[in-house]
Structures are given as structure tokens and as C-alpha cells.
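Everything on this sheet refers to the single structure shown next.
The values are calculated or read from the model by the stated rules, or taken from the named source; none is laboratory data. These figures come from a predicted structure and were not determined experimentally. Using ideal geometry, Cβ is built from the backbone for each residue, glycine included, and neighbour counts are taken over all protein chains shown. Surface areas here come from the heavy atoms of the whole protein model, side chains and all, with no ligands, DNA or RNA. Shrake-Rupley method; radii C 1.70, N 1.55, O 1.52, S 1.80 Å.
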Amino acid sequence: RSPLKKPDLLSNQMGPPVADTKALGQLLVVLRKRVDIDKAFDECIKRTLKARNIFVHEFSHEFDLRSEVGIRQGIKFLLDTLDDLEEVIKIMKALIISFGRDKELADSELEKYWREYGDLNELEAFYLPALTEIFKRK
């Protein structure tokens, strides 16, 4: 069994997870049909997706990495993108925690480790309480 092929958590079969077969943009379209997303977070997601596409498809064309100015612009782009990406990651982590707890699937050992070495305290203090404002059922 190849370590590169992990079991699909959604179907219990080998292969890529179901979510990998659709672009994130398509998944967001489905999500937006079910919930209203806070405008600020929605803009953050859009910027993150746009930045991802620039990074993957256009970065070397967008920034002249042979010049000091181009390198500085590229670094600024990456730092700005990291700020948005960090916010998206924290909100998505909070969603995962919330879902796991709602379904009584929380792992106490994982939470203990995450609390000691990760950002669980920050997520519980700031992000979990904000979920109901960020995502409102339609």
C-alpha cells in the first residue's frame, strides 16, 4: 500500500478525497447556496483563491524575479496572501472542531496535544464563537 494513497475519508475507499475532485471555487458555490457567508470573510476567501491562482499560474510572469523591485513586489504579494490564508485556515479549523464536537467525534488526546502545541485556545476564544456570525443558515 503506497503511503501516497491515503484512504478517502468520505467514501472509505483508496484514492483522492471526494473534495479533491472539485475545485474549491465550485465547493464555495455549493456552500453559498446553503449559507450566507459574512461579507468580510467571503472577500478574504476570494482574495485567497485569486492569490492561489496567481501563485500557481502567473507568479513568474507577474513579478520580475530578476530585479530587486520585482522581488520586493513578489515578497509583499506572498506576505499579504499569507495573512488572508491564515485567516481562512483558522476559520476552517474552527468549522472542523465545531463539526467534530457536534457529531461527538472529538478526540480528547488530539485536543490535548493541539491545546498544548497548537492554536486550539485561540480558536476556542475567537474563532468558534464567531462561526455563527460568519456562516448564517438560509
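Sort out which residues of the range 10-22 are touching a helix residue (DSSP H, G or I) at 6+ places or on another chain (Cβ under 9 Å) and either part of a loop (DSSP other than H, G, I, E, B) or at pLDDT 80 or above (or both), and write them in order of number. Scanning the range 10-22 gives L10, S11, K22.
Among the residues of the range 72-110, the one identified as among the hydroxyl-bearing types (S, T, Y) and surrounded by fewer than 11 Cβ atoms within 10 Å (Cβ to Cβ) is S108. Can we say T48 is loosely packed, with under 13 Cβ neighbours inside 10 Å, of a type in the set (S, T, Y) and under 23 Å from K33 (Cα atoms)? No: the conditions fail for T48. Please give the number of the condition T132 fails out of (1) over 30 Å from R32 (Cα atoms); (2) surrounded by fewer than 12 Cβ atoms within 10 Å (Cβ to Cβ); (3) polar (S, T, N, Q). Of the numbered conditions (1) over 30 Å from R32 (Cα atoms); (2) surrounded by fewer than 12 Cβ atoms within 10 Å (Cβ to Cβ); (3) polar (S, T, N, Q), the odd one out for T132 is (1). A search for C-beta distances below 7 Å between a residue of the range 60-74 that is aromatic (F, W, Y) and any residue that is modelled with pLDDT of 95 or more and open to solvent by less than 100 Å² (accessible area, probe 1.4 Å), counting only pairs 6+ apart in sequence or on different chains, returns F63/G70; F63/Q73; F63/G74; F63/F77. Among the residues making up the range 51-63, those that are over 30 Å from K136 (Cα atoms) and open to solvent by 70 Å² or more (accessible area, probe 1.4 Å) are F55, V56, H57, E58, S60, H61, E62.
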